[in-house]
Each structure stands twice: as structure tokens, then as C-alpha cells.
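Comments concern the structure below.
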Amino acid sequence: MKESRTIEYKEKVSNTFLKTVSAYANYGSGEIIFGITDEGKTVGLSNPEAVCLDIENKINDAIKPGPTFTLTINQTNKTVTLFVEEGISKPFLYKGKAYKRNDTSTIEVDHIELKRLIMIGENVTFDELPCIEENLTFEYLYKKVQAILGVEKTNVDTLKTLGLFASSQKYNNAAELLADNNNFPGIDVIRTESSLNKITFRETISNVSILKQFDRIDEIFTNFYKIEEIVGMQRNEVYMVPKEAFREAIANAIVHRTWDVNAHIRITMYEDKIEIMSPGGLPAGISKEEYLNGFISTPRNPIIANVFFRLHIIEMFGTGIRRIKMLYKNIRHKPIFVVSSNSISITLPSVYMKEQLSIDEQIIVDLLSNGLRLSSSEIAKKVEFSKDKVVRLVHNLIDKNYIVKEGTGRGTKYRIN
């Protein structure tokens, strides 16, 4: 077995293992096995019992606060396994520093991550913390409350009801994020027709209420993705990307992002898909599997989540991913979710998104793109493929929605869809 994020090998006991103890206690349980080389070769220990006592003393003396751990001796190969549980009294420090695992190595956390550990240990979220700004206005928020909730009179009591005070007199970060103007990053959106080298639209929406950011992005989305579909004599307004899925993904990005980093939510709008990247990985205590299955019971910013819930922007805490998947239930191409330690990305395919083409399929598409209507025999002559191969390729292209078939029998022709 190789070393991993949750397994580390040590040939013998030295103080370096204490950094990994800090990492496991801060960011997820793991084990350190003593008596195995870095290459994974078992060499054993001459006195495992004495090693256990040494490890216990070093942890108790060096890691503050004390983590929960167990020691197990393998009498067969004379190794000792130290299992460290993730703790709740974070941060767990070694020589005044906190550590985390980075694949198979252990590194010191930066000052932002240290602040996050402290908040977790104190059971405080970023949006609960007092903000610096005091002269905040809430006209946009008040209008939304009046329009959606039917509240005629909005004032400071409204803000208190929404939980926007850290104390009786001081606003919290949630208040600043919802205020008409703020000092936080926002959303950067670009529209590209084919590649990132051809950007046809760009707008950055920041330093304004996150509600206004949400509404503006909704407007941009509608502008680019609402089309008219003619069915018989009827003209129906439809969206190339399911609108509710897009709104859910944007709300999810705002509610669950980390606001203590100076980075925008990035949205890239293509002809056949939308990519949304939100700064910050998963909230503490949530696994990738739980996230992908839609189980986020505790939002990273609960006050913001509560406001979005009250204003009917989101339905329930932790249901966003499931709703997005449900909205794509009967659509061929499904959303793609990518989770890393520093970001979460969602790709929403267009309902008209087409399959990737093989080289041979692309040759036929290029031929028909000139407006030609050709039979399979005519295509075979022009591209110098066998007729059987052309028949197979055009059937694939019909399935992928690139070309359409016209006529029957010997009169069958193919053209670009």
C-alpha cells in the first residue's frame, strides 16, 4: 500500500510526525504507521511497546489542544499504527502552527486557512463575524423583501429578523454582503462563441448586493440563452440551458463560496454549455460523495442561505445539487461537477448540446456544411470512403443531431441539421 492523504509511513519516531498529527486532527482522520520506510518496505521496530510510549508522550507534550488518538501494535511485523481522529477543538497546533495534508506531504496552512480553523473551532461562520463597515444601506434588500414577502414597512427590525447584526449595534459580514455597496468580490462572466480566444461579452459585477448580482446574472443568462422555438403555428419561449438549473447553480455558488478570499465567482458562457466556478472547496465535514448526492446539511454561510431561502431563491438547505440533477433527468447530457480543495465547478450542458465528432464524422459534416444535400453514394465518392462506412457514419451523425435524413429509398438525402 502506498502513502496517501490519510496514510503516512515512518521508519522510526522523530518529531516530524507531529506535523501530520496536527494535519489529521485539523482536516480529517488518518493514520501513521511506524516501522515502514517511505517506499513501503516493512522493517519493523525493535521495541514497539517503548515506541508507543514515546509517541504518546510526544503528542501530549507538543500538540495543543490534545487530539484524540489510538495506538495499535502489530505483533507479526512489529509495526505501530497511530490513528488520529479529526477533532472539534480546532486548530490543533504544533509549535504554534497548524498543518494540513497535501496529497502525501504535510504542509503548514496559510493565515486564511488558520482563521477558518479558528472559526470552526469556535463554531462561528464567516457571515456571522462583525464587519468593518458601519454606514450600510439596504434599499435593494428592502425592495426584494417588500416585493416577494409582501412586507409593507421595512426598517432595522427587518434586518434583525434576517440575522444581520453581530451584536445589538454592529452589522455582521452577511449584512455587508447584502448591502447596496460592499467591499467583497462578486461575479465575473464572459461569453465566448467558440474558444477563450474569442470573447464576445464580459462583465464583472462586484461591490454591490449579492441579491443584485444574482438578478443581473439572471438577466445576462436570459439574454443569451432564451430562444423562440416554433412548433407548428406556435412560438414558444424556451431556454437552451434549463433556467432553474442555472439559477440554482448560481445561488449555490453564492451561498457556499468562501468570502474571505479575493476571488470572483467565474462564469463562462459557451454556445452549448455554461461553466460556473465557485471559490472554496467543500464546507468542513462534507465529503465529495455527500456533496454530489446533494447532502449539504450545513451551509458555509447559514445567514446568507437563510435570506435566500426566505426570498424563495433557494427551496431548502442542501437540495441544490439534487434539484439540478432532477432538472436534467430527461436531458441527454448531464451536468458535470468537479470538486477540488480550492473550488467547486459545475458545467451545465445545453439541451441542444451535440456529441463530440470523430475525424471521419467531421469530414462528412464539413462536406455538408456547404449547404449540400447528398445521398450516401454521393458522399462516399466525394470523401473517398466505402459506402458501408458512410452509411455507418451518417447514422451516427443523425443520432448525434448533426445531420438530418430527407426522403426514403433511393431518394434519401442527407443535410446539415
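Which residues, counting only those in the range 8-43, are surrounded by fewer than 20 Cβ atoms within 10 Å (Cβ to Cβ) and among the hydroxyl-bearing types (S, T, Y)? Those that are surrounded by fewer than 20 Cβ atoms within 10 Å (Cβ to Cβ) and among the hydroxyl-bearing types (S, T, Y): S14, T16, S29, T37, T42. Taking the range 325-366, which residues are among the aliphatic types (A, V, I, L, M), out of contact with any Gly (no Cβ under 9 Å at 6 or more places or on another chain) and touching a residue at least 60 places away in the same chain (Cβ under 8 Å)? L327, I331, I346, L348, V351, M353 - these are the residues of the range 325-366 that are among the aliphatic types (A, V, I, L, M), out of contact with any Gly (no Cβ under 9 Å at 6 or more places or on another chain) and touching a residue at least 60 places away in the same chain (Cβ under 8 Å).
Hey, can you tell me all the residues within the range 184-203 that are of a type in the set (V, I, T), surrounded by 12 or more Cβ atoms within 10 Å (Cβ to Cβ) and farther than 15 Å from A253 by Cβ? Hits for the range 184-203 are I190, T192, I199. Summed over the range 204-254, the residues that are aliphatic (A, V, I, L, M), part of a strand (DSSP E or B) and either at pLDDT 95 or above or surrounded by 14 or more Cβ atoms within 10 Å (Cβ to Cβ) (or both) give a count of 3. Residues considered: A166, A175, A98. Of these, the only one that is more than 23 Å from L282 (Cβ to Cβ), touching a Pro at 6+ places or on another chain (Cβ under 6 Å) and of a type in the set (G, A, S) is A166.
Apart from one condition, I363 fits all of (1) surrounded by fewer than 18 Cβ atoms within 10 Å (Cβ to Cβ); (2) in a loop (DSSP other than H, G, I, E, B); the exception is (2).
Every condition in (1) within 31 Å of the chain's Cα centre (by Cα); (2) at positive phi holds for S105 except the one numbered (2). Screening the candidates V145, V84, V151 for the property of being in contact with a Leu (Cβ under 9 Å, 6 or more places away or on another chain), outside the structural domain of V255 (by TED's automatic domain parsing) and surrounded by 12 or more Cβ atoms within 10 Å (Cβ to Cβ) yields one hit, V145. Give all pairs with beta carbons closer than 9 Å in which a residue from the range 35-55 that is more than 14 Å from F17 (Cβ to Cβ) meets a residue that is exposed (fewer than 12 other Cβ atoms within 10 Å of the Cβ); count only pairs at least 6 apart in sequence or on separate chains. Partner pairs satisfying both residue conditions: G40/M1; G40/K2; P48/Q75.
The values are calculated or read from the model by the stated rules, or taken from the named source; none is laboratory data. Predicted, not measured: the structure shown is a model, and the values here were computed from it. Reconstructed Cβ throughout: ideal geometry from the backbone, glycine too, with neighbour counts over all protein chains shown.
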